[in-house]
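The values are calculated or read from the model by the stated rules, or taken from the named source; none is laboratory data. Since the model is a prediction, treat every value here as computed from it, not as a measurement. Ideal geometry is used to build each Cβ from the backbone, glycine not excepted, and the neighbour counts take in all protein chains shown.
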Amino acid sequence: MSDCLRELLKTRPYLLADGATGTNLFAMGLQTGDSPELWNVDYPERIAENYNSFINAGSDIILTNTFGGSCFRLKLHDAQDRVIELNTAGAKIARECADAADHTVLVAGSMGPTGELMEPMGALTTEAAIAAFAEQAQALAAGGADILWVETMSSIEEVEAALAGAATTDLPTVCTISFDINGRSMMGVTPADLVKLYETSENAPVACGSNCGVGASELVVAILNMGNASDKEENIYIAKANCGIPEYVEGKIHYNGTPEIMADYTRMAIDSGAKIIGGCCGTTPDHIRAMRDALDSHIKGQKPTVNEVEARLGEVSAGAKAQNRGEMSVLDGAVSAGSEAPRKERRRRRDKH
């Protein structure tokens, strides 16, 4: 297995990932409720334009337009039989764009959650989940992906299923969880839980981290908490925060993060221990361009305190603060720290990547 991330990190200290796919496709005409993955076949030139916009802004890693490319997500659009076609197409377009770039660009095959609850809380079996992720992973590999990017997960069980499915290819894998409820995922996972999986899983990823969530400040503290959970210097952590907080402006969702804020987030993410930094919902090429400048000019400093993160990026939840102090989250009650207290699952927004 080629560890392309570590090889690229040998040539530079940090890597810049891309921004939001959904945000930018909506600007190109995608309608709410439509499947972005269908555009890989219906409007490949628009998908190429999106990829190139981030490459030209300085991204070292671009994620394929396949976040909802599993049979479970595509079933919502009567396209469950098009998994191979749509994922292969999305990766192939990205491969062509990356190969034409003037700098090394890795193609990351995006694999989002199924949207289903796994047993025993739901009906999705481990075997069915692994099979779905394997089908998607193999199609992404066939299309030319360099790495498989399991993202926006909320349960350890689904991450493990995705990693097992990805392991049916010869590509390295990374995984990110969205910590969006008081320092935990919707299914109760903490940054420390993710690091434990990262270091002990049978199908261990080459990097782990957080994406999406409730803002840059919370995500930076999640990176701090990952670092507190392990003393292994070789660990690679990923920060891919939303571009501020969503607001309704003239009937549309707008994220209030500015390029200046995302640049400061980049500097704080580096200081906190992240080696791969990008943006999630709301992040445009303009934001990525500012982040590129910040990444290239920043000299890593001391890890920030939670108070410093709040002063520069905004409020941090009580649960994330408690974890940073090594205390039990206020949501846990009698539940021990680090356990996976189930949370009620809800459908993910489509603009996660």
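Any chance the stretch 39-48 includes a residue that's touching a Pro at 6+ places or on another chain (Cβ under 6 Å) and outside any helix (DSSP H, G or I)? Let's see the steps before the verdict.
We begin by selecting, within the stretch 39-48, every residue touching a Pro at 6+ places or on another chain (Cβ under 6 Å); these are none.
Taking every residue of the stretch 39-48 in turn, none turns out to be touching a Pro at 6+ places or on another chain (Cβ under 6 Å) and outside any helix (DSSP H, G or I).
Would you tally the residues in the stretch 273-321 being small (G, A, S), surrounded by 20 or more Cβ atoms within 10 Å (Cβ to Cβ) and not in a helix (DSSP H, G or I)?
6
Looking at (1) touching a helix residue (DSSP H, G or I) at 6+ places or on another chain (Cβ under 7 Å); (2) within 24 Å of M186 (Cα to Cα), which is the only condition N211 fails?
Among (1) touching a helix residue (DSSP H, G or I) at 6+ places or on another chain (Cβ under 7 Å); (2) within 24 Å of M186 (Cα to Cα), the lone unmet condition for N211 is (1).
Starting from residues that are out of contact with any Gly (no Cβ under 9 Å at 6 or more places or on another chain) and at pLDDT 95 or above, keep the ones in the stretch 239-265 and report whichever is nearest to E308 (Cα to Cα).
Residues of the stretch 239-265 that are out of contact with any Gly (no Cβ under 9 Å at 6 or more places or on another chain), as a first pass: 247-252, 259-260, 263-264.
From what's left, at pLDDT 95 or above: 259-260, 263-264.
Details: P259: 20, E260: 17, A263: 16, D264: 12 Å.
Among those that are out of contact with any Gly (no Cβ under 9 Å at 6 or more places or on another chain) and at pLDDT 95 or above, it is D264.
For the stretch 100-118, check the following and say yes or no: at least one residue is modelled with pLDDT of 95 or more, touching a Phe, Trp or Tyr at 6+ places or on another chain (Cβ under 8 Å) and over 23 Å from A204 (Cβ atoms).
Yes: the stretch 100-118 contains one or more residues that are modelled with pLDDT of 95 or more, touching a Phe, Trp or Tyr at 6+ places or on another chain (Cβ under 8 Å) and over 23 Å from A204 (Cβ atoms).
Could you say which residue among A20, A27 is within 18 Å of the chain's Cα centre (by Cα) and over 15 Å from L106 (Cα atoms)?
So the residue among A20, A27 that is within 18 Å of the chain's Cα centre (by Cα) and over 15 Å from L106 (Cα atoms) is A20.
List every residue pair whose Cβ atoms lie under 6 Å apart, where the two residues are 6 or more positions apart in sequence or sit on different chains, the first residue falls within the stretch 242-254 and is more than 15 Å from T284 (Cβ to Cβ), and the second residue, located anywhere, is modelled with pLDDT of 80 or more.
Once the first residue is more than 15 Å from T284 (Cβ to Cβ) and sits in the stretch 242-254, its partners that are modelled with pLDDT of 80 or more give I245/G215; I245/N256; E247/N256.
Please specify each residue of the stretch 1-42 satisfying the condition of being charged (D, E, K, R) and either surrounded by fewer than 17 Cβ atoms within 10 Å (Cβ to Cβ) or touching a strand residue (DSSP E or B) at 6+ places or on another chain (Cβ under 7 Å) (or both). Break it down stepwise before answering.
Narrowing the stretch 1-42 to residues charged (D, E, K, R): 3, 6-7, 10, 12, 18, 34, 37, 42.
Passing the criteria: D3, R6, E7, K10, R12, D18, D34, D42.
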